[in-house]
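Everything below concerns the one structure shown next.
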Amino acid sequence: MELSPSGDLIARVMVVGEKRALAVSRIKTGESVFAASIGETKVRDLRWIGEERILITTSQTHSLPLLGVPRSELFFGMMLELKTKEIVQVLRATPDVLATLYGGAAVRRTSQGDAVFARGVNVLTGQIDLHRINLSSGRGRSVSAMDRDTEDYVLNAEGEVIAESRYVERHGRWSLHLREGWRLRQAWAVDAALDTPSLVGMGRSANTVIVSARRPDLSDTAESETGHVLFEVDVASGDWVRLPFERHPTRLIHHPRTGLLIGGGYQDEDGVGYEFLDAAAGRRWQAIARAFPGKAPQLISWTDALNLVVVFIDTGESGVYQLIDFDAGEANIVAEAYPTIPAEQVGLVRPISYTAADGLEIPGYLTLPPGVETPTNLPLIVLAHGGPAARDVAGFDYWAQALASRGYAVLQPNFRGSSGYGRAFMEAGYGEWGRKMQTDLSDGVLWLAAEGVIDPARVCIVGGSYGGYAAMAGLTIDKEPYRCAVSVNGVSDLRRMVNRVANRQGERNSHAVRYWNRFMGAEKLNDRALDALSPAMLTDQVEGPLLLIHGKNDTVVNIEQSRVMADAMRRAGKPVELVELESEDHWLSRPETRQRMLRETVRFLTAHNPVD
């Protein structure tokens with residue numbers, strides 16, 4: 001959902017009956033300006049190009065055999081012109097350049113008018129130049145030469161590259177390049193095999209950029225789980241200044257008109273919080289927070305003048321989008337995330353914490369069945385998040401709420417190695433894949449049982465991606481608490497997975513391989529020690545039934561991981577079901593298959609861990 005710069009129009013992807021549609025309407029009158037069915041198209045982003053065009057980013061699962069690109073999630077840019085209702089593809093008809101986006105697209109309002117910039121791969125040279133896109137034809141014109149080592153870039157208001165970051169994968173060398181005249185000069189470089197710095201956008205003025213990095217020579221405070229601090233770098237002088245955020249933001253907020261940094265957002269126990277460095281924006285947000293006390297509103301979109309703001313609220317409800325009009329002094333609901341789920345059918349979400357066996361405090365959330373406030377002896381589902389360097393958050397979680405609606409308590413632990421709790425908590429997870437990261441989950445079960453909240457004889461474990469691994473490990477490695485398990489797009493054979501990542505990237509020592517080895521505790525590629533942590537190698541230990549669900553188009557965790565596990569379970573004579581989701585990716589992007597995943601999960605849990 002995105003407001004136009006003036007606030008006259010709003011664009012959104014919505015559900016009309018049983019169909020998904022892209023709709024554009026006038027805010028004041030509700031008049032429809034454009035509406036079209038998008039079917040199963042995976043729309044990833046909407047962005048206005050002035051008042052007359054919308055940049056639509058979509059993705060599809062494809063391979064590019066001629067370029068040696070394996071099956072991957074490829075991104076595409078489409079530009080919709082509202083007056084003519086015509087859509088043109090970004091980089092269309094650009095000589096020798098694939099019409100796919102390499103990274104995202106950038107929109108700028110230059111002195112010569114609105115402009116779109118995107119990187120495209122030249123199939124003949126392998127160059128990945130930055131192109132300025134003709135808004136009428138979609139054709140690109142190269143404006144800056146780049147290659148595969150170019151990690152990111154920052155454009156000024158005129159669409160000129162003022163900074164670029166480069167990363168040499170094999171050597172783990174990251175470098176920052178700043179504009180000097182008509183060229184880019186290397187301003188700083190560092191060896192970073194892991195926890196690489198990042199170039200994250202424009203700073204508070206037109207000639208500064210933001211870099212997230214470890215600079216112990218400039219700051220001895222490690223604000224994030226990677227030890228990074230946010231710095232503002234002056235392009236002309238190369239000087240670094242630490243940004244004055246009180247908390248390390250996980251999201252930076254730039255002004256919708258100027259593109260300059262004005263604030264940041266962070267996740268805390270009760271939801272999303274914001275801190276603004278721009279006084280005017282800060283006053284606006286303080287007024288919004290006062291209007292929705294205890295609701296943790298999330299910023300979605302606002303106009304150039306910051307007088308119209310869309311926020312999303314899902315504390316204690318299934319999620320509504322509110323349009324706040326500062327000029328009129330009112331707020332109105334403009335959309336609902338799940339309009340068929342009333343507030344009384346939403347289970348209470350409680351922040352909790354408990355002590356793991358080694359004394360580490362583990363935070364998380366407990367979702368109760370709707371209407372239950374004083375839980376006693378409930379059946380429990382442990383719902384483990386993916387990542388593993390991610391976290392569960394407060395608010396409406398469709399997966400947790402679907403299970404709670406059937407009468408289960410749902411525990412979502414943010415086990416060690418989860419993001420959002422600082423560097424020490426993240427590092428406590430290194431090498432603990434299948435070890436303490438796993439026992440952190442079962443320690444939560446023991447705590448809830450001791451509190452009398454749940455019945456320890458009626459517990460199953462469910463999860464997706466890394467959480468899918470944790471679910472399978474709940475039947476093979478730390479299996480005492482669990483009657484059954486459901487794995488969605490999960491990893492069953494660690495060595496096979498890391499080897500596949502290395503083969504896909506054509507690099508045995510890539511950043512991704514180093515990342516997985518750090519969490520898994522592997523010392524080298526093809527480390528056979530990982531077999532002792534791989535559920536597919538341990539099926540003789542299984543005592544309960546397993547449901548495997550996997551998207552056939554999963555490009556993160558290949559479906560072979562579930563097929564290998566299913567085959568191993570059958571050879572061991574253990575009860576297993578495998579459900580393969582047609583045309584579905586790692587993120588369950590399609591509503592239809594997401595609903596099927598929920599139906600299959602509830603069916604399985606009802607059979608093997610009934611509420612009654």
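Looking only at region 244-290, which residues are in contact with a Pro (Cβ under 9 Å, 6 or more places away or on another chain), in a loop (DSSP other than H, G, I, E, B) and closer than 28 Å to residue 109 by Cβ?
256, 257, 277
Tell me, please, whether a residue that is within 11 Å of residue 434 (Cβ to Cβ) and β-branched (Val, Ile, Thr) can be found in region 506-513.
No: zero hits.
Counting just the residues of region 394-409 that are under 23 Å from residue 376 (Cβ atoms) and touching a residue at least 60 places away in the same chain (Cβ under 8 Å), which one comes out surrounded by the most Cβ atoms within 10 Å (Cβ to Cβ)?
408
Looking at region 437-457, can you tell me whether even one residue there is under 20 Å from residue 363 (Cα atoms) and in contact with a Lys or Arg (Cβ under 7 Å, 6 or more places away or on another chain)?
Yes, region 437-457 has at least one match.
In region 92-107, which residue that is hydrophobic (A, V, I, L, M, F, W, C) and farther than 15 Å from residue 57 by Cβ is nearest to the chain's Cα centre (by Cα)?
98
Given the conditions (1) crowded, with 19+ Cβ neighbours inside 10 Å; (2) farther than 24 Å from residue 3 by Cα; (3) of a type outside the set (Val, Ile, Thr), which single one is not true for residue 64?
(1)
Pick from 502, 529: which is surrounded by fewer than 17 Cβ atoms within 10 Å (Cβ to Cβ) and aliphatic (A, V, I, L, M)?
529
For a quick check of your reading: which strands (runs of 3 or more DSSP E) sit entirely within region 44-89 and have at least 1 residues that are touching a residue at least 60 places away in the same chain (Cβ under 8 Å)? So that I can check it myself, show each step before the final result.
On the way: elements: 53-64, 69-81, 86-89.
In region 44-89, the matching strands (runs of 3 or more DSSP E) lie at 53-64, 69-81.
Give 93, 11, 36, 23 a once-over and let me know the one that is exposed (fewer than 15 other Cβ atoms within 10 Å of the Cβ) and in a strand (DSSP E or B). I'd like the intermediate steps shown before the answer.
On the way: 93 fails: in a strand (DSSP E or B); 11 fails: exposed (fewer than 15 other Cβ atoms within 10 Å of the Cβ); 23 fails: exposed (fewer than 15 other Cβ atoms within 10 Å of the Cβ).
Only one candidate qualifies: 36.
Considering only residues that are of a type in the set (A, V, I, L, M), more than 30 Å from the chain's Cα centre (by Cα) and part of a loop (DSSP other than H, G, I, E, B), which ones fall in region 130-154?
none
Quick one: residue 25 ticks every box in (1) closer than 20 Å to residue 323 by Cα; (2) at pLDDT below 95; (3) over 26 Å from the mean Cα position of the chain (by Cα) except a single one, so which number is it?
Failing condition for residue 25: (2).
Quick one: residue 294 ticks every box in (1) at pLDDT below 95; (2) under 26 Å from residue 488 (Cβ atoms); (3) not assigned by TED's automatic domain parsing to the domain that holds residue 587 except a single one, so which number is it?
Going through (1) at pLDDT below 95; (2) under 26 Å from residue 488 (Cβ atoms); (3) not assigned by TED's automatic domain parsing to the domain that holds residue 587 one by one, residue 294 breaks only (2).
Take the residues of region 414-447 that are hydrophobic (A, V, I, L, M, F, W, C) and under 27 Å from residue 597 (Cα atoms): which is surrounded by the most Cβ atoms within 10 Å (Cβ to Cβ)?
Among them, the one singled out is 415.
Do any helices (runs of 4 or more DSSP H) entirely within region 401-488 hold 3 or more residues that are at pLDDT below 95 and either polar (S, T, N, Q) or within 30 Å of residue 527 (Cα to Cα) (or both), and if so, which?
Fully inside region 401-488 and qualifying: 423-427.
The values are calculated or read from the model by the stated rules, or taken from the named source; none is laboratory data. Model, not experiment: these values are computed from the prediction. Every residue, glycine as well, gets a Cβ built from its backbone with ideal geometry; the counts of neighbours run over all protein chains shown.
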